[in-house]
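A.B. asks: Here it is, the structure, as C-alpha cells.
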Amino acid sequence: MTFPVRVGRARAAAGALLLAAGAVSASAAPPAKLTVKAMEGSGVTFTSQFNPTSFLVEKAIPWKTLPGIQEPPTQQFESPQPSMLTAQLLFDTNTPGDDVNDFVAPLEQLASVDQVLLRPPIVRLQFGSFTFTGVIESVSVKYSHFEADGTKDRATVKFVIRGASGAVATPR
C-alpha cells in the first residue's frame, strides 16, 4: 500500500536520482550494532546480539583539600583520571542446543591477556557515531535460563571500559 506524499519537484527528482543510483533510504538502513574491537594484538571483534538501551559514562576529578582554617577550604587538583564506560547487554538464544556463551566468548577474550602483548588489548567500543577507547576493566556474566541438559540460553553481561590512550605490561 502506498500513500500519496506531497513534495517539491526538485526534492522528488533528487530522491528518484538517488534511488536510481542505488542509494538506500535511511529508514531501510540496518540498525547499528554495538561492537568492541581490539585495536592491537589479536584483532578480535565482539558484536552485541541486541543493542544496549543506555551507557553510563563516569569521570572522577580528584581534588585534595589543603589543610588550613579557611572556609570553604582550598582545593588542589591532583591528576586527570580516565572516564569509565559501563554497559549492560542481554543475550538470548532462540535455537535449542545453542549456547549463549558463544555470543559472550569474544568479549571475554578481549578481557584476557594477549600472549604477544602480555596484557589485554586496547579496545574501541563503537555504537553508531558513539565511540569509546580504552581497556576492559571488568566483565561479569549472569546466566539466567538453562535447557534441561544445562545449556545456557540467556545471559546478561555487564562490562566496564576504562578510558586509555595507551597501555603497557608490567615487566617480569
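The values are calculated or read from the model by the stated rules, or taken from the named source; none is laboratory data. Fair warning: this is a prediction, and the values are worked out from it, not measured in the lab. Please note: Cβ atoms are built from the backbone with ideal geometry, for glycine as well, and neighbour counts cover all protein chains shown.
A.B. asks: Specify which of the listed residues (Thr95, Thr86, Thr74) is among the β-branched types (Val, Ile, Thr) and in contact with a strand residue (DSSP E or B) (Cβ under 7 Å, 6 or more places away or on another chain).
C.D. replies: Numbers: Thr95 fails: in contact with a strand residue (DSSP E or B) (Cβ under 7 Å, 6 or more places away or on another chain); Thr74 fails: in contact with a strand residue (DSSP E or B) (Cβ under 7 Å, 6 or more places away or on another chain).
The unique qualifying residue is Thr86.
A.B. asks: Shifting gears a bit: Of everything in segment 6-31, what is surrounded by fewer than 10 Cβ atoms within 10 Å (Cβ to Cβ), at pLDDT below 50 and assigned to a loop (DSSP other than H, G, I, E, B)? Give them in sequence order.
C.D. replies: Those that are surrounded by fewer than 10 Cβ atoms within 10 Å (Cβ to Cβ), at pLDDT below 50 and assigned to a loop (DSSP other than H, G, I, E, B): Arg6, Gly8, Ala21, Gly22, Ser25.
A.B. asks: Residue check, Ala38 against (1) modelled with pLDDT under 90; (2) surrounded by 12 or more Cβ atoms within 10 Å (Cβ to Cβ); (3) aliphatic (A, V, I, L, M), all met but one. Which one?
C.D. replies: With respect to (1) modelled with pLDDT under 90; (2) surrounded by 12 or more Cβ atoms within 10 Å (Cβ to Cβ); (3) aliphatic (A, V, I, L, M), Ala38 is out only on (1).
A.B. asks: Let me ask you something else. Can you pull out every residue in segment 144-155 that is polar (S, T, N, Q) and either in a loop (DSSP other than H, G, I, E, B) or buried (at least 16 other Cβ atoms within 10 Å of the Cβ) (or both)? Can you show your working first?
C.D. replies: First, pick out the residues of segment 144-155 that are polar (S, T, N, Q): 144, 151.
Passing the criteria: only Thr151.
Here is a yes/no grid of residues against (1) in contact (Cβ under 8 Å) with a residue 40 or more places away in the chain; (2) surrounded by 15 or more Cβ atoms within 10 Å (Cβ to Cβ); (3) over 15 Å from Met39 (Cβ atoms):
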| residue | (1), (2), (3) |
| --- | --- |
| Val113 | no, no, yes |
| Leu117 | yes, yes, no |
| Gly134 | yes, yes, no |
| Lys142 | no, no, yes |
| Val168 | yes, no, no |
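A.B. asks: Ok, one more. So if I check each of Asp149, Asp114, Asp98, which one is within 17 Å of Ser48 (Cβ to Cβ) and modelled with pLDDT under 95? Before the answer, list the steps.
C.D. replies: Values: Asp149 fails: within 17 Å of Ser48 (Cβ to Cβ); Asp114 fails: within 17 Å of Ser48 (Cβ to Cβ).
Going through Asp149, Asp114, Asp98 in turn, the sole match is Asp98.
A.B. asks: Sticking with this structure for a sec: Here's a check for you: in segment 123-142, which residue that is of a type in the set (Ser, Thr, Tyr) and over 15 Å from Leu107 (Cα atoms) is modelled with the lowest pLDDT? If you could, list the steps in order and put the result at the bottom.
C.D. replies: Going through segment 123-142, the residues of a type in the set (Ser, Thr, Tyr) turn out to be 129, 131, 133, 138, 140.
Remaining after also requiring over 15 Å from Leu107 (Cα atoms): 129, 131.
Working: Ser129: 91, Thr131: 95.
Top of the filtered list is Ser129.
A.B. asks: Still on this structure, please answer the following. Mind checking which pairs have a first residue in segment 49-70 that is under 22 Å from Arg162 (Cβ atoms) and at pLDDT below 90 and a second that is surrounded by 10 or more Cβ atoms within 10 Å (Cβ to Cβ) and of a type in the set (Ser, Thr, Tyr), Cβ under 7 Å, 6 or more apart or different chains?
C.D. replies: none
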